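Structure record follows, encoded as structure tokens.
The values are calculated or read from the model by the stated rules, or taken from the named source; none is laboratory data. Given the structure is predicted, the values throughout are model-derived calculations rather than measurements. Using ideal geometry, Cβ is built from the backbone for each residue, glycine included, and neighbour counts are taken over all protein chains shown. Side chains are part of the model used for accessible areas, which takes the heavy atoms of the whole protein and leaves out ligands, DNA and RNA. Shrake-Rupley method; radii C 1.70, N 1.55, O 1.52, S 1.80 Å.
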Amino acid sequence: MTLKGTIAYLNGTFLPLEEAQVSILDRGFQFADGVYELIPVYAGWPFRLQAHLTRLERSLAEIGLGAPLVRRELAVRVAELIRRNATGDGKVYIQITRGAAERDHAFPSDTTATVVMTCAPAEPIPETWLSEGIAAITAEDIRWARCDIKSIALLPNVMLRQRAAESGALEGIWLHQAQVTEGAASNVFAVVAGEARTPPDGSRVLPGITRDVVLERADEEGLPVRSGPVTEEELKNAEEVWTTSSTKEVLPVTRLDGQPVGSGRPGPLFRRVREAFRARVASELAQAREVPS
Ligand code: PDD
């Protein structure tokens with residue numbers, strides 16, 4: 001349990017995780033009426049913090065919940081939470097719900113939002129995930145049509161991850177009308193005819209920040225990677241498949257629904273992209289150390 005003994009943040013207060021309590025009337029608990037962010041932390045520094053806060057503000061706006069803290073205040077609290085937990089490599093989780101109110105579907109008029117943050121050490125990426133790749137399964141995308149909002153309503157994702165785990169896989173990949181959307185908790189890239197594609201922004205895909213870094217780096221370094229639709233057929237015959245996420249960075253999928261992907265080994269483009277991603281994290285970290293925010 002990586003969160004045991006950590007300091008959490010709840011509505012303006014830093015306190016031991018075990019003491020951080022929320023009402024059973026909280027609309028996050030009653031309706032999953034809230035949104036979240038997961039920010040990776042490298043050597044005590046939150047990677048792409050501004051991009052995560054921008055996405056959080058967008059999620060809040062899309063569900064009609066005004067930002068309870070201005071961005072600068074939130075950024076200061078994130079930094080303080082990392083400091084109080086003496087986190088090196090880790091992850092900050094932010095959840096904002098519409099707050100506690102008597103149960104009624106329409107928005108309450110006089111409720112204050114609940115703001116929760118936790119900070120946990122990162123779970124190291126096992127070497128075999130990189131050298132051998134991971135297994136994934138596919139499933140019909142049964143989620144709602146606003147997956148661009150980082151909603152805390154994750155039951156379909158939870159169920160898909162459980163199905164994946166039961167079949168010895170690490171991730172599930174959603175298919176909507178024979179098109180790839182994304183993973184249960186990641187974005188997906190498929191290499192077809194030497195070029196990697198990831199489904200473009202839209203209402204069925206979370207605009208992933210790791211994905212954006214990969215697209216940006218590939219563009220900068222002239223790698224054949226772009227955003228574009230991926231069909232189920234293309235996924236199943238792809239030369240390489242990767243997932244991207246804040247917690248697991250870029251991972252090669254080498255088994256899909258029990259079948260090998262391409263050669264069944266992590267591919268050459270994966271290696272270059274992962275290297276470019278890691279190099280970018282390192283250079284932004286070095287820059288952050290030079291110019292403390
Ligand atoms: N999830 N798509 C979904 C459905 C996700 O849940 C995530 C990340 C991503 C990747 O986004 P990013 O690169 O910004 O992390 C895409 C986080 C890690 C989570 O729920 O734990």
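Any chance the range 231-242 includes a residue that's under 26 Å from Pro121 (Cβ atoms), at pLDDT 95 or above, among the hydrophobic types (A, V, I, L, M, F, W, C) and surrounded by fewer than 14 Cβ atoms within 10 Å (Cβ to Cβ)?
Checked the range 231-242: no residue is under 26 Å from Pro121 (Cβ atoms), at pLDDT 95 or above, among the hydrophobic types (A, V, I, L, M, F, W, C) and surrounded by fewer than 14 Cβ atoms within 10 Å (Cβ to Cβ).
When residues of the range 185-208 are filtered for being among the hydroxyl-bearing types (Ser, Thr, Tyr) and farther than 14 Å from Thr231 by Cβ, how many remain?
So in the range 185-208, the residues among the hydroxyl-bearing types (Ser, Thr, Tyr) come out as 186, 198, 203.
Applying the additional criterion that residues be farther than 14 Å from Thr231 by Cβ yields 186, 203.
So the count comes out to 2.
Need the failing condition index for Val70 against (1) in contact with a strand residue (DSSP E or B) (Cβ under 8 Å, 6 or more places away or on another chain); (2) open to solvent by 50 Å² or more (accessible area, probe 1.4 Å); (3) modelled with pLDDT under 95, just the number.
Just one mismatch for Val70, condition (1).
When the range 84-111 is examined, which residues are found to be more than 13 Å from Gly28 (Cα to Cα), more than 16 Å from the ligand (Cβ to nearest atom) and under 22 Å from the mean Cα position of the chain (by Cα)?
Within the range 84-111, Asn85, Thr87, Gly88 qualify.
Under 6 Å between Cβ atoms, at least 6 apart or on separate chains: pull out the pairs that start in the range 28-54 with a residue that is closer than 14 Å to Ser245 by Cα and assigned to a helix (DSSP H, G or I) and end on any residue that is more than 8 Å from the ligand (Cβ to nearest atom) and hydrophobic (A, V, I, L, M, F, W, C).
His52/Ile39
Among all residue pairs at least 6 apart or on different chains, which show Cβ distances below 8 Å where the first residue, located in the range 254-278, is surrounded by fewer than 19 Cβ atoms within 10 Å (Cβ to Cβ) and the second is modelled with pLDDT under 95 and part of a loop (DSSP other than H, G, I, E, B)?
Close Cβ pairs (under 8 Å, with a partner that is modelled with pLDDT under 95 and part of a loop (DSSP other than H, G, I, E, B)) do not exist here.
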